[in-house]
């Protein structure tokens with residue numbers, strides 16, 4: 001810039017920002033070649049200020065900001081002898097093998113996964129470098145986060161390895177040098193070690209040569225940056241015989257909308273470096289979206305994004321990502337790509353979302369049926385399980401959300417699912433894909449782990465945690481209290497009559513609001529699965545209490561409410577029968593684990609409140 005500062009903003013393939021040692025060195029070499037500076041220049045990067053220099057022999061170098069000392073870590077790579085961690089502008093987990101030959105034969109992509117996503121480095125994870133020392137040289141290979149693959153050379157990884165080696169081998173303070181050989185070339189690290197073990201004046205040097213020179217045509221550059229080839233047409237025509245299609249499955253997340261996981265379709269061709277994800281789980285947020293959402297008229301669309309950006313979301317959240325590559329020939333791959341490309345066009349991309357029947361997971365089956373017709377067989381097995389039963393393993397860790405779904409969903413969600421009905425859940429679809437066939441052959445190869453999950457697979461409280469039972473215990477505690485209130489009312493006890501009336505009033509107000517909500521969800525929205533909600537029967541008791549209170553305020557005594565007592569008797573039988581516990585017995589879930597028991601407790605509390613209101617005397 002005009003201020004004499006070189007601004008370097010490096011982006012990984014997934015869109016994340018990072019300091020790049022080799023990229024910054026290259027920028028310094030370019031700036032010198034353009035006459036921007038003669039001997040040194042200040043460089044501003046994402047991690048702060050650096051200095052760029054050019055040696056007399058033309059080798060570019062850049063200073064690095066390293067404040068901490070290398071920390072000894074537990075080895076996570078097989079056959080590693082020791083490990084360390086150091087942030088050199090980008091975090092690096094470094095492991096040492098005992099020979100360069102062992103390093104050359106290492107399957108780095110697989111070996112690095114544990115360290116790449118280790119909980120010590122959450123939520124963003126870290127880069128993983130594996131090193132072997134032979135003579136005076138370090139040999140290094142690096143698996144970079146944001147790229148999610150091995151790169152030819154990583155400058156910050158080279159520096160991390162060199163400093164960690166200095167910390168182990170050079171006990172004295174002073175200037176030290178390490179020569180490091182990466183697959184992309186030879187680099188040199190200089191540093192001054194202080195008496196306390198920290199490092200100052202850390203420098204990275206290495207050759208840089210101009211590969212090509214070009215000039216931005218800004219109109220074309222704008223289009224290149226903001227248009228997507230997959231959306232612009234011609235995706236299928238770009239594919240080679242190396243192209244493949246796969247189904248991606250993400251593990252459940254902490255938020256309610258992510259509690260059931262996610263599914264997407266990936267089209268990948270390594271020969272032409274094409275890697276796109278077709279995501280049917282994209283919201284269409286525009287004017288009136290929230291009103292339509294409440295009414296059950298939810299528009300989703302098929303979105304297209306680069307795989308790196310897609311996977312980075314789940315990586316940052318500590319969620320797993322699994323991949324099932326489909327066993328398709330080149331023509332079938334092209335046919336799927338053509339369909340997805342057509343479906344991604346603006347006029348075709350939007351669809352009416354239905355959580356149980358038309359979502360990101362069920363769309364995979366739809367695509368396969370549309371593309372392959374009778375050649376495709378889903379292999380689904382009929383089941384008598386209901387949608388509610390299918391949800392329970394995913395909501396058990398979030399008991400209040402689980403109970404809320406039990407309450408709000410109606411009879412439709414409590415009926416047996418059709419064939420392939422379970423496949424609305426991404427996890428279940430992933431297992432179902434193993435049974436699918438195309439032309440009588442298995443549709444997919446064995447599932448691969450792109451990266452593992454952190455913690456438990458299902459989000460929320462772990463299995464066995466007493467917090468899972470909180471709604472059940474609270475509702476049964478409230479029911480027990482209301483039973484005591486009813487007993488006191490029938491005995492005519494005067495002890496804290498205001499407390500009894502307050503208990504009845506609170507119970508009535510909450511249940512009346514619930515009944516109103518259930519009614520509105522049934523008649524004022526398009527949510528089919530909230531119709532015929534049996535929970536509304538017992539919740540109507542709140543309005544019964546309000547009716548009795550109004551009658552008594554007009555001077556009608558409790559003993560004169562014969563009709564109300566008859567109605568209350570019929571309602572009580574209906575209310576107690578409205579909470580179906582048979583599916584829970586069939587599921588084998590423990591009493592506290594099944595949130596439907598919270599509904600039973602709430603139902604009893606409302607029943608006791610109704611009969612207490614009929615027993616209370618007016619004073």
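Being in contact (Cβ under 8 Å) with a residue 24 or more places away in the chain and in a loop (DSSP other than H, G, I, E, B) is the requirement here; does residue 146 meet it? Reasoning before the result, please.
Numbers: in contact (Cβ under 8 Å) with a residue 24 or more places away in the chain: yes; in a loop (DSSP other than H, G, I, E, B): yes.
The answer is yes for residue 146.
Could you count how many residues in region 134-152 are at pLDDT 90 or above, within 32 Å of the chain's Cα centre (by Cα) and farther than 14 Å from residue 88 by Cβ?
Qualifying residue count, region 134-152: 5.
Out of all the residues in region 295-318, which are at pLDDT 85 or above and in contact with a helix residue (DSSP H, G or I) (Cβ under 8 Å, 6 or more places away or on another chain)?
Within region 295-318, 301, 302, 303, 304 meet the criteria.
Quick test for you: out of 86, 76, 103, pick the one residue that is assigned by TED's automatic domain parsing to the domain that holds residue 180, in contact with a helix residue (DSSP H, G or I) (Cβ under 6 Å, 6 or more places away or on another chain) and closer than 19 Å to residue 138 by Cα. Don't jump to the end; show me each part of the working.
Numbers: 76 fails: closer than 19 Å to residue 138 by Cα; 103 fails: in contact with a helix residue (DSSP H, G or I) (Cβ under 6 Å, 6 or more places away or on another chain).
Matching residue, one of 86, 76, 103: 86.
I'm told residue 368 meets every condition in (1) buried (at least 21 other Cβ atoms within 10 Å of the Cβ); (2) under 21 Å from residue 298 (Cβ atoms) except one. Can you identify the failing condition by its number?
Failed condition: (2).
Are there any pairs, at least 6 apart or on different chains, whose C-beta atoms fall under 6 Å, with the first in region 112-124 and in the same structural domain as residue 16 (by TED's automatic domain parsing) and in a loop (DSSP other than H, G, I, E, B) and the second at pLDDT 85 or above and surrounded by 15 or more Cβ atoms within 10 Å (Cβ to Cβ), and if so, which?
Note: pairs meeting the criteria are 112/128; 112/143.
Please go through (1) buried (at least 17 other Cβ atoms within 10 Å of the Cβ); (2) modelled with pLDDT of 85 or more for residue 440 and return the number of the only condition it doesn't satisfy.
(1)
Report whether or not residue 105 is within 39 Å of the chain's Cα centre (by Cα), modelled with pLDDT of 85 or more and closer than 23 Å to residue 194 by Cα.
On the way: within 39 Å of the chain's Cα centre (by Cα): yes; modelled with pLDDT of 85 or more: yes; closer than 23 Å to residue 194 by Cα: no.
Taking the combined requirement at face value, the residue does not satisfy it.
Sort out which residues of region 489-518 are surrounded by 19 or more Cβ atoms within 10 Å (Cβ to Cβ) and either modelled with pLDDT under 90 or over 16 Å from residue 599 (Cβ atoms) (or both), and write them in order of number.
Across region 489-518, the qualifying residues are 489, 500, 503, 504, 508, 512, 518.
From the list 414, 430, which residue is farther than 20 Å from residue 261 by Cβ and touching a strand residue (DSSP E or B) at 6+ places or on another chain (Cβ under 8 Å)?
Values: 430 fails: farther than 20 Å from residue 261 by Cβ.
Unique residue meeting the criteria: 414.
Taking residue 231 and the conditions (1) touching a strand residue (DSSP E or B) at 6+ places or on another chain (Cβ under 8 Å); (2) modelled with pLDDT of 80 or more; (3) not assigned by TED's automatic domain parsing to the domain that holds residue 445, which numbered condition does it fall short on, given that it satisfies the others?
(2)
Would you pick out the residues in region 36-76 that are at pLDDT below 85 and buried (at least 21 other Cβ atoms within 10 Å of the Cβ)?
Across region 36-76, the qualifying residue is only 70.
Please verify whether residue 480 is within 39 Å of the chain's Cα centre (by Cα), surrounded by fewer than 16 Cβ atoms within 10 Å (Cβ to Cβ) and not assigned by TED's automatic domain parsing to the domain that holds residue 356, treating the condition exactly as stated.
Taking the combined requirement at face value, the residue does not satisfy it.
Which count do you get for residues in region 538-555 that are in a loop (DSSP other than H, G, I, E, B) and either under 50 Å from the mean Cα position of the chain (by Cα) or closer than 12 Å to residue 575 by Cα (or both)?
Taking region 538-555 first, the residues in a loop (DSSP other than H, G, I, E, B) are 540, 554-555.
Remaining after also requiring either under 50 Å from the mean Cα position of the chain (by Cα) or closer than 12 Å to residue 575 by Cα (or both): 540.
Number of matching residues: 1.
Can you find a residue in region 15-22 that is in contact (Cβ under 8 Å) with a residue 24 or more places away in the chain, over 20 Å from residue 86 (Cα atoms) and loosely packed, with under 15 Cβ neighbours inside 10 Å?
Scanning region 15-22 turns up at least one residue that is in contact (Cβ under 8 Å) with a residue 24 or more places away in the chain, over 20 Å from residue 86 (Cα atoms) and loosely packed, with under 15 Cβ neighbours inside 10 Å.
Please go through region 365-395 and give me each residue that is under 13 Å from residue 414 (Cα atoms) and assigned to a helix (DSSP H, G or I), ordered by number.
Those that are under 13 Å from residue 414 (Cα atoms) and assigned to a helix (DSSP H, G or I): 387, 388, 389, 390, 391, 392.
Does region 240-262 contain at least one residue that is modelled with pLDDT of 65 or more, assigned to a helix (DSSP H, G or I) and over 24 Å from residue 394 (Cα atoms)?
Among the residues of region 240-262, not one is modelled with pLDDT of 65 or more, assigned to a helix (DSSP H, G or I) and over 24 Å from residue 394 (Cα atoms), which makes the answer no.
The values are calculated or read from the model by the stated rules, or taken from the named source; none is laboratory data. Keep in mind it's a predicted model, so treat the numbers as computed, not measured. Backbone-built Cβ (ideal geometry, glycine too); neighbour counts: all protein chains shown.
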